[in-house]
Amino acid sequence: MATFTDELWDASESLRHQIYNLEFLTLLGNGTLPLEDFYFYMYQDSIYLANYSKALALVATHADNSDAGAFWARAASDAAAEEILLHQSVLESDIERIPQRDREPSPTCLAYFSYLVATAATTSYPIGAAAVLPCFWIYADVSSRIADSAKKVLSANPSHPYSQWVAEYDGIAFQESAEKAKEFVNAAAREADQKTKKEMTTAFLRATRYELLFWQTAFDRHPWPSGTEIF
């Protein structure tokens, strides 16, 4: 019997195939992504994760049972910890690689995390949970898909930063977290009426669309207008 998240997966097929075909992810997996694009992406991801953790914390406060609340709260803590790790392992030692103009949220990054925080803060728990799910599920799916090529790169060069990123998200702990997140969204959907399920689907697809744009614009930049930098 199909679950609600099965329906979400089917509904996101077109978006997911666009993600799978992104040149950015192909180059990331085989270790040939230009360094400037990798560091731009990592910096934007660190900004995103710091704010994603806020969205997860809000979902936790709205959760309808203690198990769900505890899971989303742990996820918020893990996201914050990952942001610190990104800075320590990659960004702090190579911060000079990132131009000053790129040290603020890109338009896509700002739009994505603002959408998640606003949705988690102003809608019901089921809708907020559906909105934050793609960052778990799409990341887990994509990293699994490019893991084989990344592992070959890691075997040849154990310190290669691109393949280490893939190995982390393809790891058992993150994959299990993604499965747990799906379980809690399914549980919320079982208690939801049709209107709420429709809004959950919209939130999931909108966040998936932002996942696509986040990776796409890390390679094909859509910067802020020149002369409008904020530091």
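The values are calculated or read from the model by the stated rules, or taken from the named source; none is laboratory data. Quick caveat: nothing in here was measured; it's all calculated off a predicted structure. Cβ: placed from backbone, ideal geometry, glycine included. Neighbour counts: every protein chain shown. Just the protein is used for accessible areas: all its heavy atoms, side chains included, with ligands, DNA and RNA removed. Shrake-Rupley method; radii C 1.70, N 1.55, O 1.52, S 1.80 Å.
Observations, loosely collected:
- With all protein chains kept in place, the per residue accessible area of the chain amounts to 48 square angstrom at a probe of 1.4 angstrom.
- Computed FRET value (nearest 0.05) for ARG74 with SER149, which takes r as the C-beta separation and R₀ as 25 Å: 0.20
- Radius 13 Å from Cβ of ALA57, net charge of other residues (Lys, Arg +1; Asp, Glu -1): +1
- Inter-label distance, nm, simple model (7 Å from Cα along the C-beta direction), ALA2/ASN30: 3.5 nm
- Here's the picture: charge each Lys and Arg Cβ at +1 and each Asp and Glu Cβ at -1 in the chain, and of TYR43, LEU8, GLN216 the one pushed furthest to the positive end of that dipole is LEU8.
- Unit charges on C-beta of K, R, D, E only; dipole of the chain, Debye: 320 debye
- In this Cβ point-charge picture (+1 for Lys and Arg, -1 for Asp and Glu), the range 114-195 has a dipole of about 140 debye about its Cα centre.
- What you get for the range 172-226, charging only the Cβ of Lys and Arg (+1) and of Asp and Glu (-1), is a dipole of about 200 debye around the Cα centre.
- Residue among SER53, SER143, SER159 with the largest mean-square fluctuation in a Gaussian network model of the chain, springs linking Cα atoms under 10 Å: SER159
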